[in-house]
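Worksheet: the structure to be examined is printed underneath.
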Amino acid sequence: MAPPTLLPLDANRPLSIKEISDQASVFQWNPNIPMRAYLRTANTLSQEGKSYLLDGNFPQAYLLYMRYLTLLLDFLPKHPDAKTYEGERALREVNKSLPSVVTNLEHIKPIIQNDYDEWKSSWLRREEELRQREQADRAKSKSPTYDERASRDPALSAKSRLLDANEHQELAVELAQREIRRRDANRKATKRPGVRTAGFWENWPDKLADREAEDDEVYRRQMELTRRELDGNADSLVNDIPRKESHPSVTVPSRSSSYRYPSISKSVPIQYEAQQPYQSKRPTVQPPRPPKEGIPQWHEPSPSRIPVSLPPELPAKEQIYPERTLPTPETPQELPTPPPKIHEAAPELPKKQRLTFRPAAYLENGEPIRSVFLPSQLRHRFLSIASENTRRGLEMCGILCGTAVNNALFVRCLLIPEQKCSSDTCETENEGSMLDYCMSEDLLMLGWIHTHPTQTCFMSSRDLHTQSGYQVMMPESIAIVCAPKFKPDYGIFRLTNPPGLDHILGCTQTATFHPHPVENLYTGAQRPRGHVYESDKLEFYVHDLRPGARNDPAQNKNF
């Protein structure tokens, strides 16, 4: 047997610690990007790792925590801004989280190793068959297949039921909102004075089992509703089929066809015969019927000689079953011998599994992109907030914040930062307050939204550089451009990768607006081409960080 060096392209196989660690160390590092952007990225990695830990997706949590450590320990100390007073203070503050991250990694590592060892022992028995199948598949096509890409995705390597978010959008939103409410309740409980809450690793198998049972119940209920809807449609189709009845059927023309009036023949006057005295007419003698096999031929007699026929005698009853006497109290009844019992194995119930949504797509370089669910009313709410700036011809921006649940991202907060606005730009200020709020509410920065009050809907060179700061460590990050005076009046975009992200990160031009020689720098991100779904059932709220702003989460909730 060949040495186990060639791993099969199993889209749901566990990854080893080494495979995950190798992926964690691979990310784009550019010292020209401001250090505050990397600090924001570090916060995003920490929050994402926590979300996947709560989901029980340990491989993806391990990757994010390892990437977080690599960024903090190996790269940030080498950043030019790290030598400044503000940079040193920021590093000391963020390094306070290292002990808890290391503790989580120590708990996660044996779980991943155990899953990988179990899978590998099973794989060794079928290695040769899988190797031959892989070679045959590669001979057919040299392009990367879904299995090839998914086999390198840690988020899909856990034991879970993989679902397509496009086919289960309502299920994804319902599961996410249930989990978000649960996390919010736990977070608020930890902030109460004198209240001690259990950490994640205390009875974690029972907690995950309870959540899997709840998610499985929601999944089954959604499937039952879908089945009933399909059955209802089938019933309506059956009811539309005309039934054969004894009375003449009336055909109703469809609405799409023109109505045709029935043709009526020309009327003809009725010819009446002269009245004659009533005479009884003898019925004509019918011709003889053809003979039937086994029945003697007979002719119908004339009506004057029709005899009164008696009904034929009933045939004698034949005894079908042997005669038996009814049991009496004096004679005991003999019961039949019961057949021998056949012990059949009870059908195995489907095992409850954690639900995980497949990536919505893969980037140009093969990197997976998770689904992003966006509240459909968020854009209108933002335009209402920015209406005064739009009237004055000034841009305005907001930050899209959300949560990762079941390997999908859900925008649930529109964060309005402090900003300096002009007719062509909007610059965020006091970014520390943004990071503090996101950390306190366990929110991820998933992108941004801004207006073009005097321009059409497109990504300017300045917008491309801003988007690169979001997308450098979270490839799903999106940019929404609103141009209320033009058509189309909005668009959802992301940088291509390659060539867009690499080119923008390497751009050293300092002018606010400057041309780029490369085309195809960005693309649409909305479905069906992209990975963004708009949902009118996803709740969100607005939080305004501008000085003097009033925030009422209950009032800003949308259902």
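The values are calculated or read from the model by the stated rules, or taken from the named source; none is laboratory data. Treat the numbers as computed from the prediction; the structure is a model and nothing was measured. Virtual Cβ from ideal backbone geometry, glycine too; neighbours counted across all protein chains shown. Calculation scope for accessible area: heavy atoms of the full protein, side chains included, ligands and nucleic acids excluded. Shrake-Rupley method; radii C 1.70, N 1.55, O 1.52, S 1.80 Å.
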Charge tally for neighbours of residue 425 with beta carbon under 15 Å away, counting Lys, Arg as +1 and Asp, Glu as -1, is -3
Built amide H within the under 5 Å cut-off of residue 533, gap 5+:
372, 373, 374
Considering amide H positions built from the backbone, and no H for Pro or chain starts, which residues 5 or more places from residue 496, or on another chain, come under 5 Å of its amide H?
501, 522, 523
Order 159, 207, 78, most accessible first, counting only protein heavy atoms with a 1.4 angstrom probe.
78, 159, 207
Cα-Cα over 21 Å: which of 109/191; 18/120; 50/96; 50/159; 18/109; 50/109?
109/191
Ignoring ligands and nucleic acids, what accessible area does residue 508 show with a 1.4 Å probe (Å², nearest 10)?
110 Å²
Could you list which residues have their amide H under 5 Å from that of residue 161, counting only those 5 or more apart in sequence or on another chain, with H placed in the peptide plane?
354, 355, 356
Which value, in Å to one decimal place, does the Kirkwood hydrodynamic radius take for the range 468-559 when every pair of different Cα atoms is included?
16.2 Å
For 21, 121, give me the order by solvent-accessible area with a 1.4 Å probe, most accessible first, ignoring ligands, DNA and RNA.
121, 21
How much accessible surface does residue 46 have with a 1.4 Å probe, in Å² rounded to 10?
30 Å²
What are the trypsin sites (Lys or Arg not before Pro) within the range 383-489 that DSSP puts in a loop, where the Cβ has at most 15 other Cβ atoms within 10 Å?
392, 485
